[in-house]
Amino acid sequence: MELKQGDCLIIIDMQNDFMPWGSLPIPDADKIIPVLNSYIELFYKKGLPIFASRDWHPSNHCSFKENGGSWPSHCVQHTKGAEFADGLRLPENVIVILKATDPEKEAYSALQDTELSQLLRQNKIKRCFVGGVATEYCVLNTVLDLLKLGYKTYVLSDAIKGVNINPKDEENALEEMKRKGAGVIVTESICPLSKYYV
Ligand code: VGL
Ligand code: ZN
């Protein structure tokens with residue numbers, strides 16, 4: 001498969017709090033950092049847009065246990081935990097999308113109450129390549145929204161990680177995305193030259 005104009009990379013919530021050193025650690029989430037770096041390099045060198053979402057909660061967010069939700073406090077605005085994961089190499093022209101900023105609302109999809117759908121239209125995007133965390137929450141909901149909007153959507157299966165609160169959650173999420181029309185690819189599908197680009 002060849003990348004072309006109209007393609008974009010969408011990186012979901014690769015932030016310190018979701019890494020093994022963060023407050024809501026996703027097992028092995030740091031292992032996908034070099035893989036994502038290679039996708040970033042590939043899209044950047046082809047001049048294709050790169051979007052990166054950040055879970056960006058106020059400290060009184062409803063998803064936190066102390067506020068009646070089910071998650072430990074995470075990705076609080078302007079904290080180190082909300083910054084992009086150490087080691088992720090985003091270019092200077094990355095387009096950052098802040099999500100789940102309303103204290104009263106959980107928002108897993110990077111398209112929910114954000115400017116992302118407008119930006120995709122403005123950039124004349126046709127195909128979206130999506131990686132990041134967590135597979136069965138923010139990646140899943142973002143991919144389903146993209147499919148609903150009619151974008152050809154590919155899940156970067158070597159650049160996602162799930163929480164797996166139940167052992168099959170990630171697997172089921174992948175199945176659902178496929179069933180609803182997503183393609184599932186790996187680095188070599190779009191970058192045949194090397195294991196990791198660069
Ligand atoms: C996420 C749990 C809570 C995610 C965000 O990025 O998938 N998961 N907040
Ligand atoms: Zn969150």
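The values are calculated or read from the model by the stated rules, or taken from the named source; none is laboratory data. Predicted model only: the values in this text are computed from it and were never measured. Here Cβ is always computed from backbone atoms with ideal geometry, including for glycine, and neighbour counts include all displayed protein chains. When the accessible area is computed, the model is the full protein with side chains, heavy atoms only, and any ligands, DNA or RNA have been set aside. Shrake-Rupley method; radii C 1.70, N 1.55, O 1.52, S 1.80 Å.
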W21 vs. criteria at pLDDT 95 or above, open to solvent by 70 Å² or more (accessible area, probe 1.4 Å) and over 28 Å from C8 (Cβ atoms): yes
Number of positions in the range 11-67 that are of a type outside the set (K, R), closer than 17 Å to V96 by Cβ and part of a strand (DSSP E or B): 9
Some residue of the range 60-67 being open to solvent by less than 20 Å² (accessible area, probe 1.4 Å), touching a His at 6+ places or on another chain (Cβ under 9 Å), polar (S, T, N, Q) and without any contact (Cβ under 8 Å) to a residue 60 or more places away in the chain: yes
From the options G87, G81, residue that is within 19 Å of A134 (Cα to Cα), modelled with pLDDT of 95 or more, within 13 Å of ligand 2 (Cβ to nearest atom) and more than 13 Å from the chain's Cα centre (by Cα): G81
Pairs, first more than 13 Å from K126 (Cα to Cα) in the range 1-16, second among the acidic types (D, E) and open to solvent by 10 Å² or more (accessible area, probe 1.4 Å), C-beta under 7 Å, six or more apart: Q15/E83; N16/E83; N16/D86
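Answer with yes or no whether G68 is closer than 28 Å to I165 by Cβ, modelled with pLDDT of 95 or more, among the small types (G, A, S) and more than 13 Å from ligand 2 (Cβ to nearest atom). It would help to see each step written out before you state the result.
On the way: closer than 28 Å to I165 by Cβ: yes; modelled with pLDDT of 95 or more: yes; among the small types (G, A, S): yes; more than 13 Å from ligand 2 (Cβ to nearest atom): yes.
Answer is yes for this residue.
Consider the range 68-78. How many of its residues are open to solvent by 50 Å² or more (accessible area, probe 1.4 Å) and touching a residue at least 12 places away in the same chain (Cβ under 8 Å)? Before the answer, list the steps.
In the first step, residues of the range 68-78 are kept if they are open to solvent by 50 Å² or more (accessible area, probe 1.4 Å); the result is 68, 70, 77-78.
Remaining after also requiring touching a residue at least 12 places away in the same chain (Cβ under 8 Å): 77.
Looking only at that region, the number is 1.
Quick check, is K126 away from ligand 2 (no atom under 11 Å from the Cβ), under 22 Å from Y39 (Cα atoms) and open to solvent by 70 Å² or more (accessible area, probe 1.4 Å)? Spell out how you get there, then give the answer.
Numbers: away from ligand 2 (no atom under 11 Å from the Cβ): yes; under 22 Å from Y39 (Cα atoms): yes; open to solvent by 70 Å² or more (accessible area, probe 1.4 Å): yes.
Against the criterion (away from ligand 2 (no atom under 11 Å from the Cβ), under 22 Å from Y39 (Cα atoms) and open to solvent by 70 Å² or more (accessible area, probe 1.4 Å)), K126 qualifies.
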Lone unmet requirement of (1) modelled with pLDDT of 95 or more; (2) part of a loop (DSSP other than H, G, I, E, B) for M1: (1)
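Here are some residues: D102, D158, D169, D145. Which one is charged (D, E, K, R), within 13 Å of ligand 2 (Cβ to nearest atom), farther than 19 Å from S23 by Cβ and surrounded by 14 or more Cβ atoms within 10 Å (Cβ to Cβ)? If you could, list the steps in order and put the result at the bottom.
On the way: D158 fails: within 13 Å of ligand 2 (Cβ to nearest atom); D169 fails: within 13 Å of ligand 2 (Cβ to nearest atom); D145 fails: within 13 Å of ligand 2 (Cβ to nearest atom).
Result of the check over D102, D158, D169, D145: D102.
Is the range 38-48 home to any residue that is touching a helix residue (DSSP H, G or I) at 6+ places or on another chain (Cβ under 8 Å), more than 15 Å from ligand 1 (Cβ to nearest atom) and of a type outside the set (S, T, N, Q)? Before you say what the answer is, go through the steps one by one.
The initial filter retains those residues of the range 38-48 that are touching a helix residue (DSSP H, G or I) at 6+ places or on another chain (Cβ under 8 Å), namely 38-39, 42.
After this cut, where a residue has to be more than 15 Å from ligand 1 (Cβ to nearest atom) as well, the list is 38-39, 42.
Checking the rest, the ones that are also of a type outside the set (S, T, N, Q) come to 39, 42.
Yes, that holds for at least one residue.
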Residues that are more than 10 Å from ligand 1 (Cβ to nearest atom), in contact with a Ser or Thr (Cβ under 7 Å, 6 or more places away or on another chain) and not in a loop (DSSP other than H, G, I, E, B), drawn from the range 68-90: V76, G81
